[in-house]
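Notes follow once the structure below has been shown.
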Amino acid sequence: MNASLNYYFLKLQAIVLLVLNQKAAALERFEQMLALRPDDFYALASRAQVLAQLGRKDEALAAQERLAERHAGNLATWFNLGYMLEEAGQHARAEEAFHRVLEIDSKMDRAWYGLALVLIQARRFDEAVQALKKNTELQPMSPFGWYQLARVHVDRHEPDEAVKIIRHLKGFEPKVAAQLERETGLRATQSA
């Protein structure tokens, strides 16, 4: 069988194995695909994802880094790397990855959110506020950025700003607003 046909046969096998929840066997197929095409985006990305699903986090991170190295212009590659690095506690490297995403597409709201989480971990609250404001501009109906923004305002000893956000959330995410009220001890009325 020629190399191209062999590659597609392995890919088909990997897909079927994943459908059957045979991740370890699918991982073997991705390895074989990479032996044929070392820079193949699909095989590299799938390998990183399956390693993460199997709980092999260090290997998954190394695989994601390899993917980013080989496909440096791919936004999703850097985004996933950023979250994996953040989860691994490598905040400085995660920040770099999220900045790389934003260089590719400054309107990716989830990258602004990821960057904010890293900045919060580093206690760089002023920068986190800016990232969260950008996130909430791009995704105004998502409660996640608003929630984190309120928490940062509390950490910065700015309860009035946090109350404004709680009041805002009551208009479309009352459960999140109530959670913030419980967690912070702050109260906001609907109109004020």
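Annotations
- Summed over the stretch 131-147, the residues that are surrounded by fewer than 15 Cβ atoms within 10 Å (Cβ to Cβ) and assigned to a helix (DSSP H, G or I) give a count of 2.
- Scan of the stretch 73-107 for residues that are touching a Phe, Trp or Tyr at 6+ places or on another chain (Cβ under 8 Å) and either in a loop (DSSP other than H, G, I, E, B) or farther than 24 Å from Leu138 by Cβ (or both), ordered by number: Asn74
- Of all residues in the stretch 31-90, those satisfying the criterion of being charged (D, E, K, R) and surrounded by 14 or more Cβ atoms within 10 Å (Cβ to Cβ) are Arg37, Asp40, Arg47, Arg56, Glu59, Glu65, Arg66, Arg70, Glu86.
- Complete set of residues in the stretch 148-170 that are surrounded by fewer than 21 Cβ atoms within 10 Å (Cβ to Cβ) and either modelled with pLDDT under 95 or part of a helix (DSSP H, G or I) (or both): Arg151, Val154, Asp155, Pro159, Asp160, Glu161, Lys164, Arg167, His168, Lys170
- Residue that is farthest from Ala131 (Cα to Cα), among those in the stretch 175-192 that are surrounded by 13 or more Cβ atoms within 10 Å (Cβ to Cβ) and free of Cβ contacts under 8 Å to residues at least 12 places away in the same chain: Ala178
A quick yes/no check of all residues on (1) in contact with a Phe, Trp or Tyr (Cβ under 9 Å, 6 or more places away or on another chain); (2) farther than 17 Å from Leu85 by Cα; (3) part of a helix (DSSP H, G or I):
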position: Phe9; (1), (2), (3): no, yes, yes
position: Ala14; (1), (2), (3): yes, yes, yes
position: Asp39; (1), (2), (3): no, yes, no
position: Ala43; (1), (2), (3): yes, yes, yes
position: Ser46; (1), (2), (3): yes, yes, yes
position: Ala52; (1), (2), (3): no, no, yes
position: Ala60; (1), (2), (3): no, no, yes
position: Arg66; (1), (2), (3): no, no, yes
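The values are calculated or read from the model by the stated rules, or taken from the named source; none is laboratory data. The model shown is predicted, which means the values in this text are computed figures rather than measured ones. As a convention, Cβ positions derive from the backbone with ideal geometry for all residues, glycine included, and neighbour counts pool all protein chains shown.
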